[in-house]
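Student: Quick one: structure below, then a few questions.
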Amino acid sequence: MKILDKYILISYLKTFFSVFVILMFIFVLQTIWLYIAELAGKDIDFIIILKFLWFFTPKLIPLVLPLTILVTSLMVFGGFSERYEFAAMKSTGISLQRAMRSLTVFISILALTAFFFANNIIPYSEYKWQNLRRNLAQVSPSMVISEGQFSQIGEGFNIKVDKKYGENNEFLTGIIIHEKNPSKPNGNYIVTIAETGEFKSQEGSNTLSLILNNGSRYEDIQERDIKKQKRMPFAKTDFKQYTVNIDLTELNNTDIDRENDLSNQNMFNIRELFVEIDSLSKGYTKDIEAFANNSYYRTGVSKFNNKKIKAKKLPDSLDSYLDLFSEKRQTEIAKMALNNAKSTLQTIDAKKKAYKIKTKRLNKYEMSLHDKQVLPIACIILFFVGAPLGAIIRKGGMGLPMVVAILLFLTYHFIGIFAKNSAEDGTLHPFIATWLSTFIMFPLSIWLTYRATTDQGVFDLETFVGRITKLFKKKSKK
């Protein structure tokens with residue numbers, strides 16, 4: 001390796017690792033900010049919290065690494081131009097491409113490493129993180145309860161609260177509890193509503209007491225008589241204070257390191273994603289075919305293919321097939337047809353929602369597959385955006401290069417987010433949505449490299465102003 005290549009590579013590596021550590025620290029702080037309410041004050045060991053952050057950190061690499069490459073390239077090459085080091089290189093016949101040669105090799109190796117990391121390390125860490133998070137939620141029941149949505153505690157309670165507060169989130173407001181009937185597990189027949197509540201438990205006890213204040217308890221009464229069922233009988237009890245006891249035997253026996261049966265699109269590598277996508281696609285296709293065949297069979301058309309049915313000769317003057325039946329029978333046929341049509345429409349609406357969920361899941365798996373492939377390509381392209389742009393703007397340090405890098409990366413990142421959100425519901429193809437932001441940056445990298453190689457600015461302001469001036473002069477002469 002020549003002295004010049006060594007000098008450029010060492011300068012880049014020093015800045016690269018510094019920027020990477022700073023950005024990673026910022027994103028880890030954001031993670032702590034997001035999950036600190038779920039971790040603090042739950043009698044959880046500090047080592048477990050560090051393990052939680054350790055398993056979450058690899059998820060940040062696809063976001064931090066491209067931004068680090070972009071920022072570092074702008075800072076290093078901007079500093080070289082600002083100190084006229086590129087001018088000295090060009091005076092000796094060394095072009096920009098020649099100066100970037102050692103860094104191009106380094107970025108290529110880094111891109112391959114990023115691909116290996118995204119394909120192997122991130123899926124494993126995602127599984128371990130989700131697994132640890134579920135086990136932590138079982139250790140502390142207050143962690144299970146999320147504000148504004150129903151959360152299950154134990155086998156028979158679904159609890160929704162408007163707000164949690166207190167040192168250990170033991171105080172609750174706006175409480176709704178759906179309690180299952182042990183004799184009739186299917187359905188929520190008991191509903192309890194309370195204004196406020198508080199978790200209390202004795203040390204060493206396997207029972208958690210939820211003390212409710214100022215509320216009501218509703219219980220549906222199941223009648224065997226159909227006429228009485230139509231009246232929808234229920235029992236209502238108002239209370240000033242009511243205690244709900246929750247058995248925590250299973251929760252107290254929770255092992256933090258226990259392996260749960262978890263699965264989502266972020267827990268698979270490329271080989272496993274191909275298998276999952278193929279399985280989901282075939283199941284989706286079979287489900288649609290089965291629904292189409294079932295709908296066709298329900299129409300009754302298939303019965304007319306029976307050769308044993310003999311067609312009767314119809315009269316010449318016949319306005320409608322219903323005229324063949326009596327008025328009473330015509331009314332019954334019309335009601336039956338109307339009910340069948342309503343039933344079919346309801347089934348179609350329900351299937352549309354189910355197919356929408358399956359389509360969204362399948363699209364997520366396909367996007368996860370392309371995300372692992374696009375990461376190394378994005379690293380290379382963003383390098384060829386940042387390096388020539390830094391040479392053009394001729395400014396190093398943490399000022400202007402940082403601002404330009406953040407604006408470029410936010411544009412790149414937001415385009416990807418909006419495209420992926422559109423792809424989830426099928427508006428865009430998952431391949432296009434995942435690669436769109438990279439496809440947009442690719443011609444920009446070629447254009448900036450060309451402008452930097454030919455010693456041109458991003459915009460030729462003098463030529464633009466000169467053309468505008470000439471245009472106004474022609475108008476004034478006329």
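The values are calculated or read from the model by the stated rules, or taken from the named source; none is laboratory data. The structure displayed is predicted, hence computed values, not measured ones. Reconstructed Cβ throughout: ideal geometry from the backbone, glycine too, with neighbour counts over all protein chains shown. Accessible surface areas use protein heavy atoms only, side chains included; no ligands, DNA or RNA. Shrake-Rupley method; radii C 1.70, N 1.55, O 1.52, S 1.80 Å.
Student: Using the structure shown, decide if THR285 is modelled with pLDDT of 75 or more, surrounded by 13 or more Cβ atoms within 10 Å (Cβ to Cβ) and out of contact with any Cys (no Cβ under 6 Å at 6 or more places or on another chain).
Tutor: Spelling it out, it is not the case that THR285 is modelled with pLDDT of 75 or more, surrounded by 13 or more Cβ atoms within 10 Å (Cβ to Cβ) and out of contact with any Cys (no Cβ under 6 Å at 6 or more places or on another chain).
Student: Moving to a separate point now. Just to be sure, is MET75 surrounded by 14 or more Cβ atoms within 10 Å (Cβ to Cβ), more than 14 Å from ASP5 (Cβ to Cβ) and not acidic (Asp, Glu)?
Tutor: yes
Student: Condition first: assigned to a loop (DSSP other than H, G, I, E, B), more than 30 Å from PRO430 (Cα to Cα) and modelled with pLDDT under 80. Can you find one or more residues in the stretch 207-220 that meet it?
Tutor: no
Student: For the stretch 196-206: of the residues being within 12 Å of THR173 (Cα to Cα) and in contact with a Ser or Thr (Cβ under 7 Å, 6 or more places away or on another chain), which is modelled with the lowest pLDDT?
Tutor: For the stretch 196-206, the residue satisfying everything is PHE199.
Student: Still on this structure, please answer the following. Considering VAL385, VAL404, VAL374, which residue is among the β-branched types (Val, Ile, Thr), surrounded by 16 or more Cβ atoms within 10 Å (Cβ to Cβ), in contact with a helix residue (DSSP H, G or I) (Cβ under 7 Å, 6 or more places away or on another chain) and under 30 Å from TYR284 (Cβ atoms)? Write out each step before concluding.
Tutor: Working: VAL385 fails: under 30 Å from TYR284 (Cβ atoms); VAL404 fails: under 30 Å from TYR284 (Cβ atoms).
The match here is VAL374.
Student: In the stretch 455-478, which residue that is in a helix (DSSP H, G or I) and polar (S, T, N, Q) is modelled with the highest pLDDT?
Tutor: Among those residues, the one meeting the criterion is THR469.
Student: Any idea which of (1) of a type in the set (Gly, Ala, Ser); (2) at pLDDT below 80; (3) outside any loop (DSSP other than H, G, I, E, B) is the one SER279 doesn't satisfy?
Tutor: (2)
Student: Report yes if some residue within the stretch 323-345 is in a loop (DSSP other than H, G, I, E, B) and either modelled with pLDDT of 80 or more or surrounded by fewer than 19 Cβ atoms within 10 Å (Cβ to Cβ) (or both); otherwise report no.
Tutor: There is at least one residue in the stretch 323-345 that is in a loop (DSSP other than H, G, I, E, B) and either modelled with pLDDT of 80 or more or surrounded by fewer than 19 Cβ atoms within 10 Å (Cβ to Cβ) (or both).
Yes/no matrix, rows are residues, columns are (1) modelled with pLDDT of 80 or more; (2) β-branched (Val, Ile, Thr):
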| site | (1), (2) |
| --- | --- |
| ASP225 | no, no |
| THR243 | yes, yes |
| LEU248 | no, no |
| LEU251 | no, no |
| ASP261 | no, no |
| PHE291 | yes, no |
| THR299 | no, yes |
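Student: Among the residues of the stretch 425-454, which ones are in a helix (DSSP H, G or I) and within 14 Å of HIS370 (Cα to Cα)?
Tutor: PRO430, PHE431, ILE432, ALA433, THR434, TRP435, LEU436, SER437, THR438, PHE439
Student: Something else now. Take LYS364 and tell me if it is touching a helix residue (DSSP H, G or I) at 6+ places or on another chain (Cβ under 8 Å), open to solvent by 60 Å² or more (accessible area, probe 1.4 Å) and not in a helix (DSSP H, G or I).
Tutor: No; evaluated as a whole, the condition is false for this residue.
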